[in-house]
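Worksheet: one structure, shown below.
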Amino acid sequence: PRTRPGHLGADKGYSSRAVRTWLRRRKIPHTIPERADQIRNRQRRGSRGGRPPAFDKQVYKRRNVAERCFNRLKQWRGIATRYDKTVESYQAAVALAPLLMWA
């Protein structure tokens, strides 16, 4: 069964109106900062530009933990390049790498 995420944290690359609309339509709460050009364009339009999307800095700061974890995993050459030929061996490497990092 598919599950809906409790909250989505993303970087500025996913701040487009289409992405935000897609997430809202599926009732997925999100924290995505606005790009500088989007802020300028919204302010340039004045009251027709709409209000800025909600953004919680404290929630966004927690995203850093996940980013650092992915960056540490990418230091393992086999995981970063997906060198393993089978799904099972790749999943085993992804499961084993954090255990070895933690130990």
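The values are calculated or read from the model by the stated rules, or taken from the named source; none is laboratory data. Bear in mind the structure is a predicted one, so any value in this text is a computation, not a measurement. Here the Cβ positions follow ideal geometry from the backbone for every residue, glycine too, while neighbour counts run over all protein chains shown. In case anyone asks, the SASA skips ligands and DNA or RNA and just uses the protein heavy atoms, side chains included. Shrake-Rupley method; radii C 1.70, N 1.55, O 1.52, S 1.80 Å.
In the set (1) open to solvent by less than 60 Å² (accessible area, probe 1.4 Å); (2) touching a strand residue (DSSP E or B) at 6+ places or on another chain (Cβ under 7 Å), GLY49 fails one condition alone, (2).
If you check ARG51 against the conditions, is it at pLDDT 90 or above and in contact with a Lys or Arg (Cβ under 9 Å, 6 or more places away or on another chain)? Criteria not met by ARG51.
To keep it simple, each residue is scored yes or no on (1) at pLDDT below 90; (2) in the same structural domain as SER15 (by the TED database); (3) aromatic (Phe, Trp, Tyr).
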residue	(1), (2), (3)
GLN38	no, yes, no
ARG42	no, yes, no
VAL65	yes, no, no
LEU73	yes, no, no
TRP76	yes, no, yes
THR81	yes, no, no
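Between TYR90, TYR60, the distinction of being open to solvent by less than 70 Å² (accessible area, probe 1.4 Å) and at pLDDT below 90 belongs to TYR90 only. For ARG20, the conditions (1) assigned by the TED database to the domain that holds THR3; (2) in a helix (DSSP H, G or I); (3) surrounded by fewer than 13 Cβ atoms within 10 Å (Cβ to Cβ) all hold with the exception of (3).
Return yes when GLU67 is among the acidic types (Asp, Glu) and exposed (fewer than 10 other Cβ atoms within 10 Å of the Cβ) and no when it is not.
Numbers: among the acidic types (Asp, Glu): yes; exposed (fewer than 10 other Cβ atoms within 10 Å of the Cβ): no.
No.
Scanning region 38-90 for residues that are in contact (Cβ under 8 Å) with a residue 12 or more places away in the chain, in a helix (DSSP H, G or I) and under 19 Å from TRP102 (Cβ atoms) turns up ALA66, CYS69, ARG72, LEU73, GLY78, ILE79. Filtering region 23-37 to residues that are assigned to a helix (DSSP H, G or I) and either surrounded by 12 or more Cβ atoms within 10 Å (Cβ to Cβ) or of a type in the set (Gly, Ala, Ser) (or both) leaves LEU23, ARG24, ALA36. Among residues of region 16-31 that are free of Cβ contacts under 8 Å to residues at least 24 places away in the same chain and among the basic types (Lys, Arg), those with a beta-carbon under 9 Å from a residue that is open to solvent by 50 Å² or more (accessible area, probe 1.4 Å) and not in a helix (DSSP H, G or I) at least six positions away or on a different chain give the pairs ARG26/ARG4; LYS27/ARG4.
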